[in-house]
Amino acid sequence: MNAREVARALGLEAVAFPHPEAEVEGGFCSDLLSRAMAEASPGEAWITYQRHLNVVAVAKLKELSMVILARGPEPEPEVAARAEEEGVNLLRSGAGMFELAGRLYTLLSRGPRNR
Amino acid sequence: MSPSTPAKRGRLLYRRTFYVPAGAIADVGAVSTQVRRILRGLGVEPEVVRRVSIICFEGETNIAIFTKGGRITLMVWEDRVELFFSDSGPGIEDLELVRRPGYSTAPDWARELGFGAGMGIPNMEKNADVFVLRSRPGKGTAIRATVWRSRDERKGSGAGTRA
Ligand SMILES: Nc1ncnc2c1ncn2[C@@H]1O[C@H](COP(=O)(O)OP(=O)(O)OP(=O)(O)O)[C@@H](O)[C@H]1O
Ligand SMILES: [Mg+2]
């Protein structure tokens, strides 16, 4: 399932969406950056409450398929601009991390094979 | 402090030094993303790029959060990629302690931004084939991290080091 399909299914709002066709290979939740650095895998969607520039750097360095900003204030314009520039998919939702994780998990467990 | 020089092997293809000012946390990751871009431009193996990026990010954030400023030198050799981190203090008293997963003295402002899990140095070590950490309390800290480009010389017999 690609980022565009995930965004549609979860009703996400695009902050920066340069690569909607990126394949979403799983999900990862953490507000700790070094934990994401250590444990997230390439292609995963990262759900977090953090919403500053470093999030874009982590997503880029870890080759994540998208970052989903859970409920919270709109990120600063420079964060959106950096995501666009670095080619990082950055989306937001009014839902909390728990709900987003649950819905994404269900969505991805259906998997392309069983669709 | 200057890191020690490793045995010279292979040919040096690229070298560049980046400066990381103290407290430059707002845009920390700027050096790491640049390093990643350079390595990809040079055609360095994707797995090597991934590991070097992780090491660089953790070293960069530590310099920005904990030190009076420092620098990062990237060296790309035919057979390996090396990162040298050095800073102007305060240095590290207990080298064993900072290598322990979970140990952190990150201040509140850094924790609010998601730093302070105490996973940075352990993860640098895990992703490097050779990791040398030296420090002189009061003076500064120097880290050398090497990632081999050829599979057979890599840690974990080339199968990657993901746990
Ligand atoms: N360059 C440095 N100079 C002085 N002290 C350092 C330096 N780098 C790390 N430290 C010390 O080592 C501790 C552990 O570092 P480490 O990167 O593992 O964790 P952290 O930075 O606290 O949290 P995280 O990296 O998970 O966000 C730090 O909290 C700090 O006390
Ligand atoms: Mg750290």
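Taking the Cα centre of region B:1-136 as origin, work out the dipole magnitude from +1 charges on Lys and Arg Cβ and -1 charges on Asp and Glu Cβ, in debye rounded to 20. The partial results should precede the final answer.
Values: 19 positive and 16 negative charges, 102 e Å.
Rounded to the nearest 20 debye, it is 500 debye.
Count Lys and Arg as plus one, Asp and Glu as minus one, and take only other residues whose Cβ is under 11 Å from that of A:Cys29; the net charge is then -2.
Between helix B:30-41 and chain B there is an angle of about 0 degrees, using the helix long axis and the longest principal axis of the Cα atoms. When only the Cβ of Lys, Arg, Asp and Glu is charged (+1, +1, -1, -1), the dipole of the protein assembly as shown relative to its Cα centre reaches about 780 debye. Remark on region A:16-38: accessible area falls by at least 10 square angstrom from chain-alone to full-complex state for A:Leu32, A:Leu33, A:Ser34, A:Arg35, A:Met37, A:Ala38, probe 1.4 angstrom. Normalised by the number of residues in chain A, the mean separation of alpha-carbon contacts (under 8 Å, six or more apart) gives a relative contact order of 31 percent.
Where the accessible area of chain A is counted over protein heavy atoms with a 1.4 Å probe, how much of it, in %, is carbon and sulfur?
Within chain A, the accessible surface is 50 percent carbon and sulfur.
Calculated FRET efficiency, B:Glu96 and B:Thr73, Cβ-Cβ r, R0 35 Å, to nearest 0.05? It comes to 0.85.
Looking at the protein assembly as shown, what % of the alpha carbon pairs are farther apart than 35 Å?
17 percent
In the neighborhood of B:Pro101, defined by Cβ-to-Cβ distances under 13 Å, what is the net charge if each Lys or Arg adds +1 and each Asp or Glu adds -1? Residues near B:Pro101 contribute 0 overall. Taking a straight Cα-Cα cut-off under 16 Å and skipping sequence neighbours fewer than 8 places away in the same chain, the lysines within cross-link reach of B:Lys139 are B:Lys68. Calculate the tail of P(r) for chain A: the fraction of all Cα-Cα distances greater than 20 Å, expressed in %. Of the Cα pairs, 31 percent sit more than 20 Å apart.
The values are calculated or read from the model by the stated rules, or taken from the named source; none is laboratory data. Because the structure is predicted, anything quoted here is derived from the model rather than measured. Cβ atoms come from the backbone with ideal geometry, glycine included; neighbour counts cover every protein chain shown. These accessible areas exclude ligands, DNA and RNA; they are computed on the full protein's heavy atoms, side chains included. Shrake-Rupley method; radii C 1.70, N 1.55, O 1.52, S 1.80 Å.
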